[in-house]
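The values are calculated or read from the model by the stated rules, or taken from the named source; none is laboratory data. These numbers come from a predicted model, not from an experiment. Note that we place each Cβ from the backbone using ideal geometry, even for glycine, and neighbour counts take in every protein chain shown. The accessibility values were calculated without ligands, DNA or RNA, using every heavy atom of the protein model including side chains. Shrake-Rupley method; radii C 1.70, N 1.55, O 1.52, S 1.80 Å.
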Amino acid sequence: MSFDVPDDRRYLESHEWATTGGDTVRIGVSDFAQDELGDVVFVELPEVGDEVAAGESFGVVESIKAVSDLYAPVSGEVVAVNEDLFERPELVNEDPYGDGWMLEVEPADGGDAEGLLDADAYDDQIA
């Protein structure tokens, strides 16, 4: 099976993605992750103003198959949360790189995306 792996973002081995290059970093889960999870029924996310730390859990996604922790690709302050997911968690399945995004973080000093996988490396991991 082939999964969408956009090359305009970076990836954690745990299947979260991060956009890079702007003032904020948008975070979500990959197409592979949403497929593995199955139908997403609940998402728990931090609040605006909370701090997240790279490699640490920032929330939970619950599906019909499992409950899984979500891990931050970068450290920083949460500046936006996709509140649509609270009413429509299925957006994670329907559009994981678009409407299914989870949060935006203003990266802390040193909170950049160094060490994250590029699209080719992530694609190799899930192949």
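Extension gain, GLU44-ASP109: 0.36 nm per intervening residue step, less the Cα-Cα distance, totals 20.8 nm.
Normalising the average separation of contacting C-alpha pairs (under 8 angstrom, six or more residues apart) by the number of residues puts the relative contact order of segment 8-110 at 30 percent.
Measuring only protein heavy atoms, the 1.4 Å probe finds ILE64 accessible over about 120 Å². Other residues within the sphere of radius under 9 Å centred on the Cβ of PHE3, judged by their own Cβ, net out at -4 (K and R +1, D and E -1). Counting Lys and Arg as +1 and Asp and Glu as -1 over every other residue whose Cβ lies under 10 Å from the Cβ of LEU37, the net charge comes to -3.
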